[in-house]
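Colleague: This is the structure I want to talk about, given as C-alpha cells.
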Amino acid sequence: MAHIEAASPHTMNTYGRLPIALERGQGVRVWDVNGKEYLDALAGIAVNTLGHNHPKLVPALQDQVAKLIHVSNYYHVPNAEKLAAKLVELSGMTNVFFCSTGLEANEAALKLARKYGHDKGITHPKIVVYEKAFHGRSIATLSATGNTKIQQGFGPLVEGFVRVPVNDIESLKAATAGDKDVVAVFFETIQGEGGVNPMSLEYLQQVRALCDERDWLMMIDEVQCGMGRTGKWFAHQWAGIHADVMPLAKGLGSGVPIGAVVAGPKAAHIFQPGNHGTTFGGNPLAMRAGVETIRIMEEDGLLDNAARVGAHLQAGLGRALAGVAGVKEIRGRGLMVGVELDRPCGALTQICCDNGLLISVTADSVIRLLPALIMTPAEADELVERLAPLVKQFLAG
Ligand SMILES: *Cc1c(COP(=O)(O)O)cnc(C)c1O
C-alpha cells in the first residue's frame, strides 16, 4: 500500500486534502494508487464534463499535443475562432475573450464593467454583487465574493462593490436607488460554492429588465453552472434571457485549463488593443479541448442527458432521504445538486471517500454533487444507493 502523507512537504498548505492519490479514471469511476475504486460524483469540481478517459476526447487531445500545445497570441489560432463562433452560436452573444481559469474570466468581466463605466464618463464605477457569491481568489474576484471567512487576512479589498441578497429585487432597487455610478450586476445563476443556491427564474427576468432600464451590464458568472450542467448550455437560459457578459471556465475544456468571457453587443467592443491579455489564453491545446468538448456533447446528446439524469438523481435522493430528520432540502438543476443538512457535515467527504464515493461539502452543510454529464441513470441510482445510507448514518451518529 502506498502511504499518502497528510501534509505535503513542498507544496504550500492551501488545501485540506483527503489522504488518497488518484491514478486513473474511466467514465464516472476513478482508481487510486492502491487500486481502490471510487464513484466520482465531483468530476474535478464540475470540470470533467465528459468523465475520465473519454474515447472521443483522448485521441483528439493526443493528436493536438503532437501538433502544437502553445504558440502565444502573436499569431492566429484557428480553433480559437472556431470555439468562439460556437460559443456565440450557443449563447446568442457576439464575441469571446479566452483565458485559462474562472477567476481570470471574472477578472476580465470586472475590467469590462469598469471600462464600460469610464467610456460613459463614470470615473468611480460600482458593480452590484451578492451575498454568498463566489467568484475566485484573486484580489478583485475575492472582493466580489460574498464570504468574509475567505476574505479574512487579505485586506484592503478592492472597492466599488455594492452587495445585495439573492432573489430580492426590492433590495437591489433600494441598494442602487439614485446611484449614478452603478454600471453592472454580477452574479452566478446558481451559486456553487455558496451552497447550490439558484436564482429564481422570475428574479433573473426582473434583473434583466432593470439592467435594460438603467443601462447596466448583466454579467452572469456561469463558471460552475454553465456548459450544459443544468441541461441547457448556460443556466440563465432557463429564464429565457441573454447576458451581456458571461464568464466561463471549469467544464469548457473537460479537464484542460480554459476560461472564456463571452460578451453581447453592449460589451463586445469595450476592450481595445492593449486593454487586456494573457499568455496562455486561447492556446491550441485549450482551444482544441473546448472545440472537441462541445462537439462530443452535441453528438452524444449530453445536454438532454444532464437534464434527464439530473432529474432522476434528484428524485432518487428525494425518495431515499424522505422523512429523514436533519435533511433540510434537496435542490439544484440538472447535474448540479445540493443536499442541505441541518448541521455542518464536512466530515462526510472523508466518510464517503472511505466508502468509495467522491463528493464535496460546501457552505459547511450542503452536500454537493457535480458528476460528469455522461452519467447514466443506473450510475445515478448507484450514487443514491451508496450516498443515502452514509448520510443517514451520519445524521443518526
Ligand atoms: C470555481 C469558480 C470560480 C473560480 O474559478 P477558478 O478556475 O478556480 O479560478 C469562479 N466562479 C465560480 C462560480 C466558480 O464556481
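Colleague: Any residue at all in segment 252-263 that's under 25 Å from residue 365 (Cβ atoms), among the small types (Gly, Ala, Ser), open to solvent by 10 Å² or more (accessible area, probe 1.4 Å) and within 23 Å of the chain's Cα centre (by Cα)?
Modeller: Within segment 252-263 (the criterion being under 25 Å from residue 365 (Cβ atoms), among the small types (Gly, Ala, Ser), open to solvent by 10 Å² or more (accessible area, probe 1.4 Å) and within 23 Å of the chain's Cα centre (by Cα)), the answer is no, since none of the residues qualifies.
Colleague: Shifting gears a bit: Mind checking which helices (runs of 4 or more DSSP H) fall wholly inside segment 289-397 and carry at least 1 residues that are in contact with a His (Cβ under 8 Å, 6 or more places away or on another chain) and either loosely packed, with under 14 Cβ neighbours inside 10 Å or modelled with pLDDT of 95 or more (or both)?
Modeller: Fully inside segment 289-397 and qualifying: 377-396.
Colleague: Follow-up question, since we're still on this one. Please go through segment 126-139 and give me each residue that is open to solvent by 10 Å² or more (accessible area, probe 1.4 Å) and away from the ligand (no atom under 12 Å from the Cβ), ordered by number. If you could, list the steps in order and put the result at the bottom.
Modeller: So the first thing to find is which residues in segment 126-139 are open to solvent by 10 Å² or more (accessible area, probe 1.4 Å), and the list is 126, 131-132, 134, 137-139.
Scanning segment 126-139 gives 126, 131, 139.
Colleague: Sort out which residues of segment 208-244 are within 13 Å of the ligand (Cβ to nearest atom) and over 12 Å from the mean Cα position of the chain (by Cα), and write them in order of number.
Modeller: Matches in segment 208-244: 219, 236.
Colleague: Starting from residues that are open to solvent by less than 10 Å² (accessible area, probe 1.4 Å) and among the acidic types (Asp, Glu), keep the ones in segment 196-243 and report whichever is nearest to residue 141 (Cα to Cα).
Modeller: The extreme case among them is 221.
Colleague: Could you say whether any residue in segment 142-155 is modelled with pLDDT of 95 or more, in a helix (DSSP H, G or I) and in contact with a strand residue (DSSP E or B) (Cβ under 9 Å, 6 or more places away or on another chain)?
Modeller: Yes, segment 142-155 contains a residue that is modelled with pLDDT of 95 or more, in a helix (DSSP H, G or I) and in contact with a strand residue (DSSP E or B) (Cβ under 9 Å, 6 or more places away or on another chain).
Colleague: With the condition being over 28 Å from residue 234 (Cβ atoms), open to solvent by 40 Å² or more (accessible area, probe 1.4 Å) and free of Cβ contacts under 8 Å to residues at least 40 places away in the same chain, I'd like the strands (runs of 3 or more DSSP E) fully within segment 8-125 carrying at least 1 qualifying residues.
Modeller: Of the strands (runs of 3 or more DSSP E) lying wholly inside segment 8-125, those with at least 1 residues that are over 28 Å from residue 234 (Cβ atoms), open to solvent by 40 Å² or more (accessible area, probe 1.4 Å) and free of Cβ contacts under 8 Å to residues at least 40 places away in the same chain span 22-26, 29-32.
Colleague: Take segment 198-207 and flag every residue that is touching an Asp or Glu at 6+ places or on another chain (Cβ under 9 Å) and more than 16 Å from the ligand (Cβ to nearest atom).
Modeller: So the first thing to find is which residues in segment 198-207 are touching an Asp or Glu at 6+ places or on another chain (Cβ under 9 Å), and the list is 199, 203.
Passing the criteria: only 203.
Colleague: Okay, moving on. Please go through segment 76-112 and give me each residue that is away from the ligand (no atom under 12 Å from the Cβ) and in contact with a Lys or Arg (Cβ under 9 Å, 6 or more places away or on another chain), ordered by number.
Modeller: 79, 83, 86
The values are calculated or read from the model by the stated rules, or taken from the named source; none is laboratory data. Quick caveat, the model's predicted, so the values are computed rather than measured. FYI the Cβ positions are ideal-geometry reconstructions off the backbone, even for glycines, and counts take in every protein chain you see. Each accessible area value is taken on the protein alone, full model and side chains, heavy atoms only, with ligands, DNA and RNA left out. Shrake-Rupley method; radii C 1.70, N 1.55, O 1.52, S 1.80 Å.
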